[in-house]
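Trainee: Questions regarding the structure given below will be posed in turn.
The values are calculated or read from the model by the stated rules, or taken from the named source; none is laboratory data. It should be emphasised that the depicted structure is a prediction, and the values quoted were computed from it without experimental measurement. No Cβ is skipped: glycine too gets one built from the backbone with ideal geometry, and neighbour counts run over all protein chains shown. SASA here: full protein model, heavy atoms, side chains in, ligands and nucleic acids out. Shrake-Rupley method; radii C 1.70, N 1.55, O 1.52, S 1.80 Å.
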Amino acid sequence: MRKEIDALAPFYAFAIEHAALGIHAIDNHGHTIIYNNKMKHIEGLALEDVQDRSILELFNFDQEESTLLKVLQSKKELLNVKQTYWNRNGIEITTINDTYPVFRDRNLIGAIELSRDITALEKILHQPDSKSNKPITFNEIVAYSSPMKTVISTAKKAAKAKLSVLLIGETGTGKELIAESIHNALSPSLQYFYTLHCQSSDPFLIDRLLEDLNESASYTLFCERIELLSIPLQKKLLALLSKSDSGNRQFIASIGDDPVELIAAGSLLKELYYFFSSFAIRIPPLRKRPEDIMPFISTYLARRSERYNSAIQGVTPDVEKLFKQYDWPGNIRELEILLDEVTSLSSTETVITYNMLPLHFRVKTGDRDAQSVEDFIVHRNKELLPLDEYLHAAEEYYIHKAMKLHDDNVTKTANALGMSRQSLQYRLRKIKNER
């Protein structure tokens, strides 16, 4: 029997790596043991990114809890579940998952997930104006705050000048809406709007782009998150763009962080930045422009009422206060997903109340009463750790999380944690030596 298994092992490995589905398996501690090529493509991560890390460290599950961890907790399969989340590079991902517990001799040893990528489809479905087949224009973008009014004003100038544009902003701030609005404001108008999704390690991505673009057609090319391309692919993209006739072309790119820092970190090609930076437009995160939250909600609910005859007209004062205090790491996109979830489950309600907000959102906003054992990785049949041991593990996790949030900058992390640089370095050395 053992010989038969050994003989089949290469075939299993080949099938896993060449499957059209993403495959992600974890052990009963939440650490990755299988992560196939399709899953790398879906999530934009490499094997070295996921090894030795719990999936809680890798992803920000803003739409739902991790289906893998749910199955690990319940020991029951979950089928055909849609999940929207953000990876550690800030890229939004939506998948349909089938997730199963894995047993050996009736003992749970982990969980495995089969994922179908629907990220591109979800982006199309969640464009407010794509739903009604209307072109996206500047008038459709909510811009009540002073920073957003400046963004729209600068973008209109870029459309008039017809120069290349670089959009700078976090995931979910609406960079793609600004890009399409620029395209639709051009005069004379161009035939096509083409998006190049750069969160891919596909070595033939730029070759396929060249095949897709009609050399005689006029078009706008929007290169989304160019810093996520490898440097060789960035050079290839720059060579392609430099040869293109800019007379009937509009080139727009986006990045998710400060360009100077990206260039210094080796993530962004300096020459590619210069190519796009004729107009550099910074789109502020939602937490920096809370004045836009309620107007966006009003606009969303009006559209919802018009298209689906929804009865909801607003939110209660306590929900408004909560929304304005929350940080919105996923920005406008996260707010829209939340509203989708709340309104799709409503029936006769005319306002969104606190109790209508999903549990996972209330937990994130600090409602301790909303937390339960199910919100954590707790094995009920396993003894609790001694308090000192648990606190030590919590300290290690928290420090690593803080370091990651500050791009492994010891000084910034120490300041954020309220300790000296030397003290943090000591704790980091201690953690490393204890492993």
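Trainee: Spot the failing condition for residue 257; the list is (1) within 22 Å of the chain's Cα centre (by Cα); (2) modelled with pLDDT of 95 or more, and only one is missed.
Mentor: (2)
Trainee: Out of curiosity, is residue 177 crowded, with 16+ Cβ neighbours inside 10 Å, at pLDDT below 90 and part of a helix (DSSP H, G or I)?
Mentor: Here the answer is no, as residue 177 does not meet what is asked.
Trainee: Something else: Counting residues that are open to solvent by less than 40 Å² (accessible area, probe 1.4 Å) and acidic (Asp, Glu), which helices (runs of 4 or more DSSP H) fully inside the range 223-314 reach at least 3?
Mentor: Result: empty, no element qualifies.
Trainee: Enumerate the pairs (first residue in the range 334-361 and of a type in the set (D, E, K, R); second residue anywhere and assigned to a loop (DSSP other than H, G, I, E, B)) with beta-carbon separation below 7 Å, excluding pairs fewer than 6 apart on the same chain, so at least 6 apart or on different chains.
Mentor: From residues that are of a type in the set (D, E, K, R), the pairs are 334/62; 334/172; 334/328; 336/126; 341/358; 349/311; 349/312.
Trainee: Okay, moving on. Would you be able to say whether some residue in the range 352-366 is open to solvent by less than 40 Å² (accessible area, probe 1.4 Å) and in contact with a strand residue (DSSP E or B) (Cβ under 8 Å, 6 or more places away or on another chain)?
Mentor: yes
Trainee: Also, quick follow-up: Only one residue in 399, 337, 377 is assigned to a loop (DSSP other than H, G, I, E, B) and either modelled with pLDDT of 70 or more or under 24 Å from residue 83 (Cβ atoms) (or both), so which one is that?
Mentor: 377
Trainee: Count, please, the residues in the range 282-291 that happen to be closer than 18 Å to residue 178 by Cβ and touching a helix residue (DSSP H, G or I) at 6+ places or on another chain (Cβ under 6 Å).
Mentor: The qualifying residues number 5.
Trainee: Right, here's the next one. When the range 190-222 is examined, which residues are found to be open to solvent by less than 80 Å² (accessible area, probe 1.4 Å), without any contact (Cβ under 8 Å) to a residue 40 or more places away in the chain, over 18 Å from residue 276 (Cα atoms) and of a type in the set (A, V, I, L, M, F, W, C)?
Mentor: 205, 213, 217
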